[in-house]
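Structure first, commentary second.
The values are calculated or read from the model by the stated rules, or taken from the named source; none is laboratory data. Bear in mind the structure is a predicted one, so any value in this text is a computation, not a measurement. Cβ placement follows ideal geometry from the backbone for every residue including glycine, while neighbour counts extend to all protein chains displayed.
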2 protein chains.
Amino acid sequence: MSSTKTAATRRPGAAGLKKAKVRTRLDAEVRSKMIVDAAFKTIAKDGFEGLRTREIAKLAGINSATLHHHFPTKEDLIEGVASQLEGRFRAEKTNPAERESAVDALNRQLKDAIFYYMEQPEMLAVYRELVGRAPRDPVIRKLVHRLHTDWQADIVRTLNKGRHDGSFRADLDSEAAARIILSTVWGLVAHIFPSRDDFTAGFHELIKWLGSGQKNKRPAKTC
Amino acid sequence: MSSTKTAATRRPGAAGLKKAKVRTRLDAEVRSKMIVDAAFKTIAKDGFEGLRTREIAKLAGINSATLHHHFPTKEDLIEGVASQLEGRFRAEKTNPAERESAVDALNRQLKDAIFYYMEQPEMLAVYRELVGRAPRDPVIRKLVHRLHTDWQADIVRTLNKGRHDGSFRADLDSEAAARIILSTVWGLVAHIFPSRDDFTAGFHELIKWLGSGQKNKRPAKTC
DNA sequence: ATTTCTATCAAGCACATGCTTGACAACGGC
DNA sequence: GCCGTTGTCAAGCATGTGCTTGATAGAAAT
């Protein structure tokens with residue numbers, strides 16, 4: 001006597017025709033990635049101001065409670081996004097060609113930046129948001145600092161190499177120059193450069209300034 | 001003492017001891033400035049994410065309804081802040097000294113940037129926030145674009161002058177170079193440079209690169 | 001088959017937040 | 001003194017929002 005009654009009241013949609021929702025259950029890892037991907041897209045489009053857990057859940061096709069099961073707090077979700085971004089940057093890092101010259105290495109930096117700008121604008125948008133949030137969030141700040149430090153070290157290596165083989169000017173301050181280059185690339189990310197072509201022109205000008213002014217690689221500097 | 005009854009019922013706190021609030025009535029212009037100042041400080045500290053009309057009102061010492069009387073929407077308030085920032089930047093703009101050399105003019109840019117960094121960090125913080133918001137807000141975008149365009153034009157003028165009098169290298173692309181300089185300064189604002197000294201070192205390196213390599217101002221480039 | 005584990009959902013709680021409403025009071029013009 | 005204008009306030013409305021609760025169901029272990 002109690003069977004039908006409880007079943008009818010307990011189970012929503014058992015008697016009715018309510019779109020028989022199929023509950024797809026996924027591994028935590030897979031679902032987490034789906035959620036982070038959704039958050040990534042939302043942040044790229046609307047920034048952190050536009051980050052609403054309900055929206056992310058809807059975009060990921062799940063209930064918001066499920067989202068909070070995988071990422072207890074919004075903060076956790078943001079860290080997940082940040083972590084994914086760092087991973088993608090490190091994974092997609094292009095390798096130097098064999099016996100690549102210093103100038104070629106710089107041009108690779110240029111090409112990489114333009115690649116992200118053209119093909120992966122979402123990554124740059126999220127990056128921009130993270131840097132903007134860094135002053136107020138210690139975890140993000142550390143992550144951004146890590147990325148920038150490693151990146152700068154790469155550039156310093158390249159510059160030192162070019163300086164020693166004579167292709168770059170002998171009086172180059174590699175540390176300072178690396179920061180200029182970093183800032184220039186950041187100028188592209190932060191839309192300080194109005195267009196891709198302006199950025200390219202700027203970067204080429206920079207490379208020109210770095211040059212020693214001689215084609216061959218002799219370290220001579222007499223006249 | 002006479003009309004106690006109506007007074008007691010009508011005026012909240014007239015009978016009690018509730019801190020006898022004095023309603024200070026100000027001109028719209030004055031009050032608006034107070035509100036914008038409060039918003040300015042809040043945005044500098046917590047960014048746009050932390051902008052709550054109630055908080056601003058409390059900081060300005062007024063009721064939030066009063067705030068909305070002067071700035072009907074949050075958007076209006078933000079535009080007020082942006083407008084004030086632009087005004088301050090333009091008003092505080094340092095004038096070139098009489099017969100100032102091109103190198104001196106660039107050093108003035110450097111000094112100005114460091115001045116804001118050290119003495120007016122709030123202005124730079126708000127600036128940073130505005131640039132971050134620009135991609136999503138047409139009004140802000142226009143304002144930022146206006147500032148950058150004017151600023152860049154200034155630098156281009158300086159560079160052209162230096163190029164023509166021989167103090168800068170003859171093969172200088174002034175437009176591209178100006179954008180590099182702009183990006184470098186933005187690197188300070190956006191905390192791409194870890195410290196003030198790193199920025200100074202970078203800027204000096206930049207100026208070194210721009211130089212023609214000769215002390216006097218003759219346009220000769222033979223060797 | 002039973003149990004255990006946990007991913008998922010519908011509903012909701014508690015509070016935050018932009019903005020409104022209606023009344024009041026300071027001020028200037030008459 | 002009277003009155004229109006408007007700057008100010010207490011209270012509230014409607015909605016948004018992070019996160020919780022308690023129940024349900026898929027899957028694996030036993």
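Counting only residues that are under 18 Å from B:Asp27 (Cβ atoms) and either within 14 Å of chain A (Cβ to nearest Cβ) or β-branched (Val, Ile, Thr) (or both), how many does region B:48-79 have?
2
Quick one: count up the residues across region B:133-181 that are in a helix (DSSP H, G or I) and more than 10 Å from chain A (Cβ to nearest Cβ). Walk me through how you get there before you give the answer.
Step one: of region B:133-181, the residues in a helix (DSSP H, G or I) are B:133-136, B:138-164, B:174-181.
Cutting the leftovers down to more than 10 Å from chain A (Cβ to nearest Cβ) gives us B:138-140, B:142-143, B:146-147, B:150-151, B:153-164.
Residues that pass the stated criteria total 21.
What are the residues in region A:50-104 that are among the basic types (Lys, Arg), more than 27 Å from A:Leu147 (Cα to Cα) and touching a Ser or Thr at 6+ places or on another chain (Cβ under 7 Å), if any?
A:Arg54
Out of the residues in region B:53-95 that are polar (S, T, N, Q) and within 10 Å of DNA strand C (Cβ to nearest atom), state the one that is farthest from B:Ile155 (Cα to Cα).
B:Asn63
On the given criteria, is A:Gly211 at pLDDT below 95 and within 24 Å of B:Gly211 (Cα to Cα)? So that I can check it myself, show each step before the final result.
Working: at pLDDT below 95: yes; within 24 Å of B:Gly211 (Cα to Cα): yes.
Yes.
Can you find, within region B:48-105, the residue that is surrounded by the fewest Cβ atoms within 10 Å (Cβ to Cβ) among those that are of a type in the set (Val, Ile, Thr) and within 30 Å of B:Trp209 (Cα to Cα)? Let's see the steps before the verdict.
Just the residues of region B:48-105 that are of a type in the set (Val, Ile, Thr), to begin with: B:53, B:56, B:62, B:66, B:73, B:78, B:81, B:94, B:103.
Narrowing further to those that are within 30 Å of B:Trp209 (Cα to Cα): B:94, B:103.
Details: B:Thr94: 10, B:Val103: 15.
Checking each candidate, the answer is B:Thr94.
Which ones in region B:182-215 are hydrophobic (A, V, I, L, M, F, W, C), within 7 Å of chain A (Cβ to nearest Cβ) and within 22 Å of the chain's Cα centre (by Cα)?
B:Leu182, B:Trp186, B:Ala190, B:Ile192, B:Phe193, listed by residue number.
Look at A:Lys45 and say whether it is loosely packed, with under 14 Cβ neighbours inside 10 Å, more than 16 Å from DNA strand C (Cβ to nearest atom), within 14 Å of chain B (Cβ to nearest Cβ) and under 20 Å from the mean Cα position of the chain (by Cα).
Spelling it out, A:Lys45 is indeed loosely packed, with under 14 Cβ neighbours inside 10 Å, more than 16 Å from DNA strand C (Cβ to nearest atom), within 14 Å of chain B (Cβ to nearest Cβ) and under 20 Å from the mean Cα position of the chain (by Cα).
Scan region A:140-155 for residues that are buried (at least 16 other Cβ atoms within 10 Å of the Cβ) and aliphatic (A, V, I, L, M) and jot them down.
Hits for region A:140-155 are A:Ile140, A:Leu143, A:Val144, A:Leu147, A:Ile155.
Criterion first (more than 18 Å from the chain's Cα centre (by Cα) and either closer than 21 Å to B:Ile192 by Cα or surrounded by fewer than 18 Cβ atoms within 10 Å (Cβ to Cβ) (or both)) does A:Asp137 satisfy it?
Numbers: more than 18 Å from the chain's Cα centre (by Cα): no; either closer than 21 Å to B:Ile192 by Cα or surrounded by fewer than 18 Cβ atoms within 10 Å (Cβ to Cβ) (or both): yes.
When the stated conditions are applied, A:Asp137 does not pass them.
Right, B:Thr94: under 30 Å from A:Ile43 (Cβ atoms) and within 23 Å of the chain's Cα centre (by Cα) or not?
no
Please give the number of the condition A:His191 fails out of (1) out of contact with any strand residue (DSSP E or B) (no Cβ under 9 Å at 6 or more places or on another chain); (2) assigned to a helix (DSSP H, G or I); (3) not hydrophobic (A, V, I, L, M, F, W, C).
(2)
For the condition in contact with a helix residue (DSSP H, G or I) (Cβ under 8 Å, 6 or more places away or on another chain) and either under 22 Å from A:Leu124 (Cβ atoms) or of a type in the set (Gly, Ala, Ser) (or both), what is the one hit in B:Arg146, B:Arg163, B:Arg141?
Answer to the check: B:Arg141.
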